[in-house]
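One structure below.
Laboratory data are not the source of any read-out in this text; all were calculated from the coordinates shown. None of these values were measured; they are calculated from a predicted model. Please note: Cβ atoms are built from the backbone with ideal geometry, for glycine as well, and neighbour counts cover all protein chains shown.
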Amino acid sequence: HGEVEEKPARLKSPAPQAIVHNSGAPLAPNTLAGVCAAPGIAVGTLVRLDDAELVPPEQAAGTPATESRQLDRALKAVDAELDETVRNASARGAVGEAGIFAVHRVLLEDPTLIDAARDLISLGKSAGFAWRTTIRAQIDTLSKLDDALLAERAADLRDIEKRVLRALGHTSGATRALPDEAVLAAEEFTPSDLSSLDRQRVTALVMARGGATSHAAIIARQLGIPALVAVGDALYAIPDGTQVVIDASAGRLEHAPTALDVERARHERQRQAGVREANRQMAGAAAATVDGR
């Protein structure tokens, strides 16, 4: 798991300007403001993972029957992946995460989506193009409705779109090794992106978009990984490989920090870990007392 798909770099925005934090006080020039999606502090190297578009060829290479079989195999493979993910999450007690991927399985089996894709395949389109076009049409419909729940459903559809396209053999780049203490940055992570994270290397997540109630945020909280969302386009001005300090609880990202800033952040992270461990032990002792053991 120490590798991730390498994505082409997104065009950089102009250097970030001074940003006013929620308190109204201006932040330092090397600090960006965001919204806390999962609390905590982290120090690490920024690794940008912005998605490249997966664009399958429009016309099929084989017959409609062949393309249809390819789609069936891809759907079956993704369903098996999701089933395993749900089982693993349930075994860890991650109820929210298990529920999210259970919803993905339901969407994957939606006969309306599958039939629409088959209709396009019958017109000579490739399995990948047919699936992508069908999903995008549904996302477009949902995006026109001002409803937070439906907006999250659109994000779920984007997730299964990517999964099925990858199962069909469409990838967006080579893999790259993650450094130790990697702070992953992207426009917005999907639940699938987070379900396969290398917990030994990834220390925090930062997103230009997204919200604190998104499915990605729910999974980040269950994984215990600090996450900052809605940082904005200024995130793209920070070069890949820059050392950063994330204080998700305060809604701040500091890039190119001083040695003292790093030392303070590491000390606070260690202190918070100690508090969590003490609370965990106290909870265990309380449970044992209630049980009389």
- Task: Measure nothing fancy, just the Cα-based angle from helix 111-122's long axis to the longest principal axis of the chain, in degrees from 0 to 90, nearest 10.
- Result: 50 degrees
- If you keep only loop residues by DSSP, which trypsin sites (Lys or Arg not before Pro) in region 211-291 have at most 15 other Cβ atoms within 10 Å of their Cβ? none
- Query: What FRET efficiency would be calculated for the residue pair residue 77, residue 233, taking the C-beta separation as r and a Förster radius of 30 Å, to the nearest 0.05?
  - Reply: 0.25
- Item | Using a Förster distance of 22 Å, the FRET efficiency for residue 266-residue 200 (Cβ separation, nearest 0.05) | 0.80
- Query: Thinking of region 64-167 as a set of Cα atoms, what percent of all their pairs are more than 20 Å apart?
  - Reply: 40 percent
- Message: How large is the Kirkwood hydrodynamic radius of region 187-293, counting all unique pairs of alpha carbons, in Å?
- Response: 15.8 Å
- Note on the structure: Counting only residues 5 or more apart in sequence or on a different chain, those whose built amide H sits under 5 Å from that of residue 38 are 227
- Task: Using the number of other C-beta atoms within 10 angstrom as an exposure proxy, rank 104, 267 with the fewest first.
- Result: 267, 104
- Considering every pair of different Cα atoms, what Kirkwood radius, in Å, is found for the chain? 20.8 Å
- Note on the structure: The helix 127-143 Cα axis meets the longest alpha-carbon principal axis of the chain at an angle in degrees, between 0 and 90 and rounded to 10, of 60 degrees
- Mind ranking 149-158, 29-38, 110-119, 184-193 by how tightly packed they are, going by the mean number of other C-beta atoms within 10 angstrom, highest first? 184-193, 29-38, 149-158, 110-119
- Item | Relative contact order (%) - criterion: Cα under 8 Å, at least six apart; region: the chain | 33 percent
- GNM flexibility winner over the chain from 93, 40, 128 (Cα, springs under 10 Å): 93
- Message: Can you tell me the length gained on complete extension of the stretch residue 54 to residue 273, counting 0.36 nm per residue apart and subtracting the Cα distance?
- Response: 74.9 nm
- Item | Estimated [θ] at 222 nm from DSSP helical runs (n ≥ 4, -39500 (n - 2.57)) normalised by residues in the chain, nearest 500 | -16000 deg cm²/dmol
- Query: So for 66, 45, 85, fewest C-beta neighbours within 10 Å to most, what's the order?
  - Reply: 66, 45, 85
- Message: Using the basic label-point model (7 angstrom from Cα toward the beta carbon), what is the residue 106 to residue 92 distance in nanometres?
- Response: 2.3 nm
- Quick one: what are the phi-derived ³J(HN,Hα) couplings along region 206-222, Karplus 6.51/-1.76/1.60 with θ = phi - 60°, whole Hz, x for glycine and proline? 9, 10, 6, 10, x, x, 6, 9, 5, 5, 5, 5, 4, 5, 4, 5, 5
- Angle in degrees between helix 64-91 and the longest Cα principal axis of the chain, rounded to the nearest 10: 30 degrees
